[in-house]
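Notes to accompany the following structure.
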Amino acid sequence: QVQLVESGGGLAQAGGSLRLSCAASGLTFSNYAMGWFRQAPGKEREFVGYISRYGDSTHYTDSVKGRFTISRDNAKNTVYLQMNSLKPEDTAVYYCAARFLIIGTMGAQYNYWGQGTQVTVSS
């Protein structure tokens, strides 16, 4: 049974930081590229960024470039999303997702999803 469990969400002020974690179990973690997505109220889910299987490649959507950083620790089966300089428009439920072998930006390409963690940024 594959499980992805996000944690670290909460309330932050604009300009502040949060670090999300996503702990994976039930799969060979290093076989999976990992992505982060978010969904704000009334909006469609959007791609935030991804990291390749061994962390040598990352990619971010333009709105978070220079502010968000994805990293992973394959020994701990965990991927992280460091969010700095937060803005109110970053408010959303954040999801991690796993895709077998290959990186990608489309949610439909991912095999497994976490339950999400709420991030709220106040102005």
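The values are calculated or read from the model by the stated rules, or taken from the named source; none is laboratory data. Nothing here was measured: the structure is a model prediction, and the numbers come from that model. Reconstructed Cβ throughout: ideal geometry from the backbone, glycine too, with neighbour counts over all protein chains shown. Each accessible area value is taken on the protein alone, full model and side chains, heavy atoms only, with ligands, DNA and RNA left out. Shrake-Rupley method; radii C 1.70, N 1.55, O 1.52, S 1.80 Å.
Please go through region 4-16 and give me each residue that is assigned to a loop (DSSP other than H, G, I, E, B) and more than 21 Å from residue 47 (Cβ to Cβ), ordered by number.
Looking only at region 4-16, we keep the residues that are assigned to a loop (DSSP other than H, G, I, E, B), and these are 8-9, 14-16.
Selection gives 14, 15, 16.
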All but one of (1) in a helix (DSSP H, G or I); (2) open to solvent by less than 30 Å² (accessible area, probe 1.4 Å); (3) not charged (D, E, K, R) hold for residue 20; state the number of the condition that does not hold. (1)
Subset tally (residues that are surrounded by 12 or more Cβ atoms within 10 Å (Cβ to Cβ), on the phi > 0 side of the Ramachandran plot and in contact (Cβ under 8 Å) with a residue 60 or more places away in the chain) for region 57-103: 1
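I need a count of the residues in region 114-123 that are open to solvent by 80 Å² or more (accessible area, probe 1.4 Å) and within 11 Å of residue 4 (Cα to Cα).
1
Looking at region 104-113, which of its residues are open to solvent by less than 40 Å² (accessible area, probe 1.4 Å) and farther than 13 Å from residue 39 by Cβ? First the steps, then the outcome.
Narrowing region 104-113 to residues open to solvent by less than 40 Å² (accessible area, probe 1.4 Å): 104, 107, 110.
If the condition is that a residue be open to solvent by less than 40 Å² (accessible area, probe 1.4 Å) and farther than 13 Å from residue 39 by Cβ, then 104, 110 are the ones that fit.
Just to verify a result, which residue in region 33-44, among those that are loosely packed, with under 14 Cβ neighbours inside 10 Å and among the charged types (D, E, K, R), is farthest from residue 105 (Cα to Cα)?
Within region 33-44, the first condition is being loosely packed, with under 14 Cβ neighbours inside 10 Å, and the residues that meet it are 41-44.
Still in the list and also among the charged types (D, E, K, R): 43-44.
Working: 43: 17, 44: 14 Å.
If we take residues in region 33-44 being loosely packed, with under 14 Cβ neighbours inside 10 Å and among the charged types (D, E, K, R), then 43 is farthest from residue 105 (Cα to Cα).
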